[in-house]
Amino acid sequence: MAGGWARDGAVQDQIDDTVNDAVSAARARMPRGESAEYCDECGERIPQKRRDALPGVRTCVACQSARDATTRQSGINRRGSKDSQLR
């Protein structure tokens, strides 16, 4: 059910677009290519099982965890208030 001037299904389209954007962003962050044997950041050896599981990995688990903790999510507010849309 859509409200105002929106067509039926518009809310679901917004949800689908948000999910598709998140999937695209996650795929873009996935490593590619040949895995490094040693971490690019700290120089520690990357375990073989990690290199097998993630082809193209360049960092150890500790460095990747630290990097992931500082990653900011930036998204589009697809459901802005009507008041902000009328300005």
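For this structure, a couple of remarks:
- With respect to the conditions (1) surrounded by 10 or more Cβ atoms within 10 Å (Cβ to Cβ); (2) of a type in the set (A, V, I, L, M, F, W, C); (3) at pLDDT 85 or above, Ala28 falls short on a single one, namely (1).
- Lone qualifier among Glu37, Glu44 - being modelled with pLDDT of 90 or more and either surrounded by 10 or more Cβ atoms within 10 Å (Cβ to Cβ) or among the basic types (Lys, Arg) (or both): Glu44
- Some residue of the stretch 52-68 being surrounded by fewer than 10 Cβ atoms within 10 Å (Cβ to Cβ), at pLDDT 90 or above and assigned to a loop (DSSP other than H, G, I, E, B): no
The values are calculated or read from the model by the stated rules, or taken from the named source; none is laboratory data. From a predicted model like this one, the values you see are computed outputs, not experimental measurements. Positions of Cβ are generated from backbone atoms using ideal geometry, with glycine treated the same way; all protein chains shown enter the neighbour counts.
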